[in-house]
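Colleague: Attaching a single structure in structure tokens format; questions to follow.
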Amino acid sequence: MEAPGRRFGKELRNSGVGKSPPDREISLHIGKTLPYHADMRLQEQGHQYQRGDDGVMSVSRLVRRMKNILEIEIGDVWVEGEVSNLRKQGSGHFYFSVKDDKAQLACAAFNAERRCAGYEALRDGALVRVLGEVTVYEARGQSQLIVKRVQPAGVGELQARFEELKKKLNGEGLFAEELKKPLPRFPRMIGLITSASGAALQDMVSVLTRRAPWVKAVLFPVAVQGSGAASGIARAIRMMDDPENHELPRCDVVVVGRGGGSLEDLWNFNEEEVARAIADCSIPIVSAVGHEIDFTIADFVADVRAPTPSAAAELIVPDRRELLSKLQRLGDGLRRPVHSKIRSAQELIRFARRGVLTHDSQRVLREPILRADDVAATMKRLMAERLSARQQRISDRRSTWKSRHPRLVLDRRVEGLRQFRLRYAQQASHCLQGASQRMERLRQMVRTLGPESAFERGFSITMSKSGVLVTDPDQVENGDRLVTRVAGGTIESEVLK
């Protein structure tokens, strides 16, 4: 749907007046005084820009004049900035703002999926370049840019800070699932850290009153937007968690949140001190910041993330009507079997009163008495058999234990050791005798085969003075002294020839 007043601007552009090249980048300064020649040219276009008889211009004429000045003098222009407060309508229109550190500009992309190329790049915090037509929405007197094309230009400063802090805290383990504390099933005291004048507080109180009127809510009012709000939120969390702070009641669960807004409005919940205060809190904390599409660092650190403040109130308390319905079902489930047993007993009593029991009770009870006697006899017989079997087993165990008495076992071990010693002594003596006999035989053999027997038969051995055996006359010379060994001893001699 086109903004009111766009048709006239289109007609002027189609005539070719003041049309800018579509691909040329032009810096946009909203609120700057237009050149004099543009004002003169617009005056020449028609009498609709003339003032009244009293020199006063109506609001609609002034806004229409501003609209046409912007459309004629600027027309299509490329603008670079950070996307903020993006809203996607069910009709396919996208509404958002592009901003830098000094100004911001409202933008609209009508039927973005068909008419706006590159609309996928539109997301909060993204740095983009948008091509669009500068105009004025006459119903509000607000300047805006009708976007026709989008190109990504990087990551916005706030989004970059968001991703950097998210990566840092995730690396420290503050987002770990094992650190998440479970919410109490039936909390009695709930802490609310939010603005005292915000709609989020009213929504949560309304839901708590409707679902769990027995719950007590404690409000810790804080600023949720603007400078210093993050410090106030962190201080409120620490005070709620302080066990020595007797001014505030001890809460079972704490909700930290606010209503929706732009990325800048929600930024205090992206500050590191708030995230660390939530992580250090011993009380389970529910983060309920913005709407379903809004995510903050507090959502990742908190024990539970709720899409909205109302949803947070629904998460932390059970519904009174559901509890009453469940109690009703449990009561019915308990009453039904009790009533059924009572009815069965009543039927049995009525049957007994109307039956044969009133006429001949002995005949009715005869069969059950006989069966009871048979059962009693069978039980006695089985018990006697069981006791006999157990007694026999006990007797066998006693006999076994007697044969394994430690004294008997020790005597058997001592006797075994004595027998082992006797066998060892006999075996050792036998081995020594055999070794002595072998030694004597070897001694006789050495005496028989050794050089001593040869000496006794008249043989001798001649050696040099140094002990070298002489087997050849060439080994000695005249004057060498020799030693000859015979059976009776040694003979020293000198070589003469």
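The values are calculated or read from the model by the stated rules, or taken from the named source; none is laboratory data. Just so we're clear, the structure is a prediction, and the values are computed from it rather than from any experiment. Using ideal geometry, Cβ is built from the backbone for each residue, glycine included, and neighbour counts are taken over all protein chains shown.
Colleague: Mind counting the residues in the stretch 170-200 that are aliphatic (A, V, I, L, M), surrounded by 13 or more Cβ atoms within 10 Å (Cβ to Cβ) and either in contact with a Gly (Cβ under 8 Å, 6 or more places away or on another chain) or at pLDDT 90 or above (or both)?
Modeller: Residues meeting the conditions: 7.
Colleague: Can you confirm whether Thr462 is surrounded by fewer than 10 Cβ atoms within 10 Å (Cβ to Cβ) and at negative phi?
Modeller: no
Colleague: I've got another one for you. In the stretch 78-132, how many residues are among the β-branched types (Val, Ile, Thr) and free of Cβ contacts under 8 Å to residues at least 60 places away in the same chain?
Modeller: 3
Colleague: Of all residues in the stretch 286-339, which are surrounded by 10 or more Cβ atoms within 10 Å (Cβ to Cβ), small (Gly, Ala, Ser) and part of a helix (DSSP H, G or I)?
Modeller: Ala298, Ser310, Ala311, Ala312, Ala313, Ser325, Gly331
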